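Laboratory data are not the source of any read-out in this text; all were calculated from the coordinates shown. Quick caveat: nothing in here was measured; it's all calculated off a predicted structure. Quick reminder, even Gly has a Cβ in these numbers, built from the backbone with ideal geometry, and neighbours come from all protein chains shown.
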Amino acid sequence: MKWQGRRQSDNVEDRRSISGGGKALVGGGVIGIIILLLNVFGGETGQQIAPILEQMQGGQQQQTETAAPLSEEDKKMGDYVGVVLADTEDIWSKIFAEHGMTYEKPKLVLFKNSTQTACGGASSASGPFYCPADRKVYMDLAFFEELQTRFGAKGGDFAIAYVIAHEIGHHIQTLMGTSSKMRQMQQGKSEAEANKLSVALELQADFYAGVWAHYNQSNLDTGDIEEALSAANAVGDDAIQSKMQGHVVPDSFTHGTSEQRMYWFNKGFKSGDIKQGTTFEEIR
């Protein structure tokens, strides 16, 4: 992605060089925690994540850890994130205005190791997520090394852009009331039925990430979309379960299969039409 020398968002909150204020998560390492969150709660909806984080942290003493000074590479990545977030602000502000709405810009928090959120303590093990309680995206960039080394994604800077755009997709859903409606729809449903609704929410966030990429094509490099699709493929529920437990359990899917995630990102990218993000009516 062409990003150097371009506008950076003022809404990046960089906590990477300050002491961690979160609680350490226990058990299983990064992938184990991610799998547990995927299977039980369906990802980044903060009100749902908070209880499991608190349970897993029970009995733990709060830990503080002074992060090392930022390296030149750290600073470069922070600048890149700032440009990607600025692009989401510009594009979604324009789309909202075209539909008679006002876009509320979220914050994006970069941290190392652990931090506090309005949805509870978070650590690197949480993976990137959106907290609707404070309307902030939280991200430890160490996740992207895991995305390559353990999930098998190609990597590349646009994999980061895809994940940011996906999390911003959850912010869009919060602003539009989709997330709260989904949680209401889950009430009284079986676990399998509730999971299907979580899948619809996640696939719609992938669709919105594709819509953002559609309107950002002038800044894309050759291979960027392939990097995004590789990341989407790597974090499909079926791919993760197959890699981590040797078999898949479709009723436990909360984010969608690799094929679904690629399909909906690609649909958003090709159409650029937010009205086509009909994942709740059409799960493919």
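The length gained on full extension between Asp134 and Thr102, counted as 0.36 nm times the residue separation minus their Cα-Cα distance, comes to 9.7 nm. The peptide list 265-277, 169-181, 1-13, put in order of mean Cβ contacts within 10 Å with the highest first, becomes 169-181, 265-277, 1-13.
The residue list Gly236, Thr257, Gly272 was ranked by how far each Cα lies along the charge dipole of the range 180-284 toward its positive end, using unit charges on Cβ atoms, and Gly272 comes out on top.
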